[in-house]
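To start, the structure under review is shown below, and the notes come after it.
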Amino acid sequence: YQRRVRGIQFANQKSTPHDHPSPARKAIDGNKNGHAAAGYCANPEVWWKAHFRHSQISKVVIYPRTDACCASKINGAKVSMQSGSNRILYCGTVRYVKGKTKYEINCGGKLADTVLIEHPHPKEFMLCEVELYGNYAVDGRWSSFTPWSKCSKTCGGGKQKRTRTCTNPAPAHGGRGCHGSSYERQSCNKHKCPINGGWNRFSSWSRCTATCGGGTQLRNRRCNRPTPRYGGKPCAGNSCESRKCNTHKCPQCGSAPITKIGYHHGVLEE
């Protein structure tokens, strides 16, 4: 969709104001005195040009003089787009047709190009007015940032990011893109991670509480490999173990058995 860039530039004007947001920086013609007399062919233009800082011109419409003696003098007018002093894009040439009231020339101009209308025979060049069609340049703007992403870690320091797009609006028709980065990063969950406790090895068994008849031995372990910290869980289970020891019977005191003593062939025997 194309819009007409506001304002009509007449050939006999030195400059014409154009409405915001795309005012013509300068629009002038080639008349040395800046005037064209009405009603007869006098002071023909050498050239006509207009520069738009914030527009991208795509079509030039030229209206010829309606004077019978001047209408044909639009013939041969050449339309170009000029960028700076180096690049000139030729768009088309007007070929006079009797009775035609306007001539349209399409031109794929870039942002801030100068529209240039020239004639190979300046003394015969005469036009009435010019309309320029195109689009105002749209500079890109950032959208709002998305919510922060999920942190990459639950503790111990992770990263998260959020993004934005250059779509509010997106740059168009030669407008400038957005400045800055499309994303941001930040640290998150910087608190230390919980450390759950772990059992160390058991100690050696203690000395048995009895030498016979059944005693008890103990051994211990400590929850320090590692020690629970930062909300970590304690060790599961008991810190000590017991077992029976020296379960054999103890010796008992009693009467000695009766032993018979006698003699056999004169020898004392039990």
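No lab work stands behind these numbers, since they all come straight from the coordinates. From a predicted model like this one, the values you see are computed outputs, not experimental measurements. Cβ sites come from the backbone with ideal geometry, for glycine too, and all protein chains shown count toward neighbours.
Here are a few things to note about the model shown:
- Net charge in the neighbourhood of C212 (other residues with Cβ under 13 Å of its Cβ; Lys, Arg +1, Asp, Glu -1) is +2.
- Nearest-0.05 FRET efficiency for R222 and K190, computed from C-beta distance (R0 22 Å): 0.10
- Potential extension, H121-V61 segment - 0.36 nm per residue separation minus Cα distance: 19.6 nm
- Expected-Rg normalisation [2.2 N^0.38 Å, Cα atoms] applied to the range 133-179: 1.76
- Taking label points 7 Å from Cα along the Cα-to-Cβ direction, E104 and R229 give a separation of 7.9 nm.
- Shown here: the range 72-162, whose C-alpha atoms stretch 83, 30, 15 Å along the first, second and third principal axes, sorted largest to smallest.
- Each Lys or Arg adds one and each Asp or Glu takes one away; over the other residues whose Cβ falls under 10 Å from the Cβ of E241, this sums to +3.
- Report note on the peptides 88-95, 226-233, 135-142: ranked by the mean count of other C-beta atoms within 10 Å, highest first, their order is 135-142, 88-95, 226-233.
- For the pair R87 and A172 in one chain, pulling the backbone fully straight at 0.36 nm per residue adds 28.4 nm over the alpha carbon distance.
- Calculated FRET value between R95 and S181, using beta carbons and R₀ = 45 Å, to 0.05: 0.30
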